[in-house]
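Step one of this worksheet: look at the structure below.
The values are calculated or read from the model by the stated rules, or taken from the named source; none is laboratory data. Small disclaimer: the values here were computed from a predicted structure and weren't measured. With ideal geometry, Cβ positions are generated from the backbone for all residues, glycine too; neighbour counts draw on all protein chains shown. Quick note on the areas: whole protein, heavy atoms, side chains included, nothing else; ligands and nucleic acids left out. Shrake-Rupley method; radii C 1.70, N 1.55, O 1.52, S 1.80 Å.
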Amino acid sequence: MVDDKKIAMTPAVEISYLKPEEQALLVETIESEQATPSLSQAQRMKKLSQSGELNEDTMLGIMSEEKKPEVDKIVLTSDTLRKYFPRSYTPKQMQDTIIKLLDQWLKKRQRQQER
């Protein structure tokens with residue numbers, strides 16, 4: 001499944017610690033739920049397996065949980081931003097200024113759309 005890009009490597013490593021019969025059950029659950037486990041789900045299944053508590057019901061319960069949507073991130077490094085700010089600005093001051101400018105830009109766009 002990793003080779004076919006159906007499951008990420010890190011959850012797959014955690015799943016590799018499951019017993020062969022648990023892995024077979026997981027494959028069935030993946031197919032029935034049309035979902036692959038997240039890292040935290042795989043880690044919980046591994047822990048339950050090690051304590052002898054992983055069974056079809058607990059696995060189905062974990063796999064049927066609604067996953068949090070992936071958060072899109074935008075990362076701007078200090079190097080990228082530094083040329084726009086005085087050297088004395090702290091990262092917090094830079095962030096505050098950026099947010100303030102974005103708010104002004106948003107208001108300007110809204111005014112333009114009202115016309």
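Between L26, L54, L81, L39, the distinction of being in contact with a Ser or Thr (Cβ under 7 Å, 6 or more places away or on another chain) and surrounded by 11 or more Cβ atoms within 10 Å (Cβ to Cβ) belongs to L39 only.
To keep it simple, each residue is scored yes or no on (1) within 14 Å of M1 (Cα to Cα); (2) modelled with pLDDT of 95 or more; (3) surrounded by 19 or more Cβ atoms within 10 Å (Cβ to Cβ).
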position: L18; (1), (2), (3): no, yes, yes
position: S32; (1), (2), (3): no, no, no
position: Q43; (1), (2), (3): no, yes, no
position: K47; (1), (2), (3): no, yes, no
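Looking only at region 57-68, how many residues end up being outside any loop (DSSP other than H, G, I, E, B) and either closer than 16 Å to Q43 by Cα or in contact with a strand residue (DSSP E or B) (Cβ under 7 Å, 6 or more places away or on another chain) (or both)? Number of matching residues: 6. Return yes when K5 is open to solvent by 70 Å² or more (accessible area, probe 1.4 Å), on the phi > 0 side of the Ramachandran plot and among the basic types (K, R) and no when it is not. So K5 fits the description; yes. One residue stands out in region 57-67 among those that are open to solvent by less than 100 Å² (accessible area, probe 1.4 Å) and among the charged types (D, E, K, R): the one that is farthest from the chain's Cα centre (by Cα), namely E65.
Could you please find all residues in region 84-97 being of a type in the set (V, I, T) and either in contact with a strand residue (DSSP E or B) (Cβ under 8 Å, 6 or more places away or on another chain) or surrounded by 10 or more Cβ atoms within 10 Å (Cβ to Cβ) (or both)? Matches in region 84-97: T97 only.
Can E70 be described as open to solvent by 70 Å² or more (accessible area, probe 1.4 Å), at pLDDT 95 or above and of a type outside the set (K, R)? Here the answer is no, as E70 does not meet what is asked.
Only one of the numbered conditions (1) modelled with pLDDT of 90 or more; (2) open to solvent by less than 90 Å² (accessible area, probe 1.4 Å) is not met by Q112, and that is (2). With respect to (1) outside any loop (DSSP other than H, G, I, E, B); (2) free of Cβ contacts under 8 Å to residues at least 12 places away in the same chain; (3) out of contact with any helix residue (DSSP H, G or I) (no Cβ under 8 Å at 6 or more places or on another chain), the lone exception for Q23 is condition (3).
State yes or no: is E31 assigned to a helix (DSSP H, G or I) and over 18 Å from the mean Cα position of the chain (by Cα)? Yes.
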